[in-house]
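Only one structure is covered here, and it is reproduced in the block below.
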Amino acid sequence: MLLNRVNSVTYSSHMYVTRAVLPLMIKNRKGHIISMASILSFTSHPKAVTYCAAKAAVHSFYEGLRQELSSRPESSNIEVSVVYPSHISTGMFAGISMPKFLMLNITTEQVAEQIAKTIDGQKGKELFIPKTGGLSLFYNICPRLIRDKVYLLFNNSSRLDNFKGNQW
């Protein structure tokens, strides 16, 4: 079933991997969990609702985990970083018609480089790639009326008609 596959790959896998590595990190009293979410963690789009909801769950999971770890002495040195990329040139978003300024193409190499810098910095953070992706946070705090106007302005109802991301 598509729903189970999307949730398994996009959300549940994060929980399983974290559950596998966290006990050793707690035992060692240090570590750095880095996870891949999406700027779609903060918005939702027709024909990608399941994907967006799963990415929102990833965001919530790691936000809660970060707060929980920092509140305990035995895990307060475990860092949590979440990467929120926009459109990565992987083919997953093939067929989407978006204005270029909304869907800046970034390469896997650019994402890897930013993640490596985060690891080198040894501090947890939220990493928006490109940095302008952080603007998606403001969309969520806007009143519904404004979100609906933005939705209509960018004709979101048909932009994902050819979205390939749900075809696993």
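Computed from the coordinates by the stated procedures, all read-outs in this text should not be read as laboratory data. Keep in mind it's a predicted model, so treat the numbers as computed, not measured. No Cβ is skipped: glycine too gets one built from the backbone with ideal geometry, and neighbour counts run over all protein chains shown.
Of the peptides 15-26, 51-62, the order by per-residue mean of other Cβ atoms within 10 Å, starting with the highest, comes out as 51-62, 15-26.
Of the residues LEU69, LEU145, LEU3, the one with the fewest other Cβ atoms within 10 Å heads the list, and the complete ranking is LEU145, LEU3, LEU69. Amide H to amide H, with H built 1.01 Å from N, ILE34 comes under 5 Å of SER81, counting only residues 5 or more places away or on other chains.
When +1 charges are put on Lys and Arg Cβ atoms and -1 charges on Asp and Glu Cβ atoms, the dipole computed for region 1-154 relative to its Cα centre reaches about 180 debye. Cross-link pairs exceeding 22 Å in C-alpha to C-alpha distance, out of LYS30/LYS125; LYS30/LYS55; LYS27/LYS55; LYS55/LYS149; LYS30/LYS117; LYS47/LYS125, comprise LYS30/LYS55; LYS27/LYS55; LYS55/LYS149; LYS47/LYS125.
Local charge for GLU79 was computed over the other residues whose Cβ lies under 10 Å away, with Lys and Arg +1 and Asp and Glu -1, and equals +4.
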